[in-house]
1. Mind listing just one residue for me: the one in the range 44-76 that is at positive phi and among the charged types (D, E, K, R) and, of those, surrounded by the most Cβ atoms within 10 Å (Cβ to Cβ)?
2. Of all residues being assigned to a strand (DSSP E or B), in contact with a Phe, Trp or Tyr (Cβ under 8 Å, 6 or more places away or on another chain) and farther than 17 Å from residue 68 by Cβ in the range 1-25, which is nearest to ligand 1 (Cβ to nearest atom)? Just the residue, please.
3. Identify all residues within the range 195-228 that are of a type in the set (Gly, Ala, Ser), in contact (Cβ under 8 Å) with a residue 40 or more places away in the chain and outside any helix (DSSP H, G or I); write none if there are none.
4. Test of understanding: among 98, 92, 5, which residue is among the charged types (D, E, K, R) and touching a Gly at 6+ places or on another chain (Cβ under 6 Å)?
5. Give the residue, chosen from 46, 50, that is at pLDDT 95 or above, out of contact with any strand residue (DSSP E or B) (no Cβ under 6 Å at 6 or more places or on another chain) and in a loop (DSSP other than H, G, I, E, B).
6. When residues of the range 169-196 are filtered for being more than 21 Å from residue 42 (Cα to Cα) and either within 16 Å of ligand 1 (Cβ to nearest atom) or polar (S, T, N, Q) (or both), how many remain?
7. Any chance the range 64-73 includes a residue that's more than 16 Å from ligand 1 (Cβ to nearest atom), hydrophobic (A, V, I, L, M, F, W, C) and farther than 25 Å from residue 191 by Cα?
8. Would you point out the residue of the range 26-43, among those that are within 6 Å of ligand 1 (Cβ to nearest atom) and either in a strand (DSSP E or B) or not small (Gly, Ala, Ser) (or both), that is surrounded by the most Cβ atoms within 10 Å (Cβ to Cβ)?
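The values are calculated or read from the model by the stated rules, or taken from the named source; none is laboratory data. The model shown is predicted, which means the values in this text are computed figures rather than measured ones. Note: ideal-geometry Cβ built from the backbone for every residue, glycine included; neighbour counts use all protein chains shown.
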Amino acid sequence: MIEFKNVSLVYPNGTQGLKNINVTINDGEFVVIVGLSGAGKSTFIRSINRLVTPTSGELFVDGENILNYKGKELRSLRTKVGMIFQDYNLVKRSSVLKNVLAGRLGHTGTLRSIFNLFKKEDLALAYESLKRVNIEDKLYSRADELSGGQQQRVSIARVLTQRPKYILADEPVASLDPPTSHQVMKYLKKINQEDKITTIVNLHFIDMAMEYAERIIGMREGEIVFDGPVSQVTEKT
Ligand code: ADP
Ligand code: ADP
């Protein structure tokens with residue numbers, strides 16, 4: 001469970017990214033956050049794995065306030081809370097397999113993979129994760145030889161090898177065309193349902209959100225202005 005209690009975030013230049021956020025996200029939910037560019041969606045999502053740090057309030061992940069985490073605690077938080085980015089964040093010149101293994105092993109994974117020192121179970125998990133998103137046939141391709149949609153599927157596979165409890169996806173389809181966007185959203189939804197991974201996705205477009213979300217959180221100027229099931233979303237929200 002993720003709980004924001006009076007969470008605010010002021011960037012060093014004075015911009016208020018989050019204003020007194022109070023919200024609870026329960027285990028297994030598939031939540032979509034919508035709002036215009038600059039609304040605070042990315043700041044909200046990045047607070048949960050501490051890519052940014054709120055300046056006041058409390059943020060609980062599984063009952064622990066994560067705002068003072070450092071070092072080892074932060075690393076284990078970021079294993080539990082996997083992240084998917086708009087621009088995939090793959091190592092472009094590296095193979096699909098090595099990229100996916102990096103999710104499992106972090107930096108040491110990249111080092112070890114140079115010397116082909118992976119363990120059998122890590123390889124098996126990487127392969128299984130690639131199969132979940134139907135891209136196992138590209139195992140040995142270089143990441144930058146793949147289309148955008150394929151690269152995003154590889155980044156989903158990478159996150160799966162972490163065996164995360166939570167997945168945060170920050171505008172995962174913003175660089176993709178509509179058919180590919182739907183494909184990626186379907187994979188995220190399927191994984192949420194099959195693995196019970198709590199998933200929070202930022203999206204620009206309300207119609208895409210309506211199609212996949214169970215619960216929609218609307219943000220504007222750092223605040224939550226709507227929070228409810230898809231059925232309650234009306235014209236004016
Ligand atoms: P969204 O994801 O909805 O586009 P963001 O969370 O990226 O919104 O941004 C929220 C607000 O915080 C915006 O006004 C943005 O310009 C500002 N902001 C984001 N990142 C930074 C930063 N590193 N420094 C200063 N202001 C930032
Ligand atoms: P995105 O739309 O993918 O969130 P942005 O263009 O908003 O990307 O931001 C790109 C980077 O610049 C992010 O790391 C964000 O934190 C930072 N950023 C965004 N707005 C500001 C700002 N007003 N001042 C400083 N940094 C910012």
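1. Taking the candidates together, the pick is 50.
2. This residue is 17.
3. 213, 218, 222
4. Every option except 5 fails the conditions.
5. Values: 46 fails: in a loop (DSSP other than H, G, I, E, B).
None of the other options fit; the residue is 50.
6. 3
7. Step one: list which residues in the range 64-73 are more than 16 Å from ligand 1 (Cβ to nearest atom), which gives 64-73.
Within this subset, residues satisfying the condition of being hydrophobic (A, V, I, L, M, F, W, C) are 66-67.
Applying the additional criterion that residues be farther than 25 Å from residue 191 by Cα yields 66-67.
Looking for residues that are more than 16 Å from ligand 1 (Cβ to nearest atom), hydrophobic (A, V, I, L, M, F, W, C) and farther than 25 Å from residue 191 by Cα, one finds at least one in the range 64-73, hence yes.
8. Within the range 26-43, the match that is surrounded by the most Cβ atoms within 10 Å (Cβ to Cβ) is 41.
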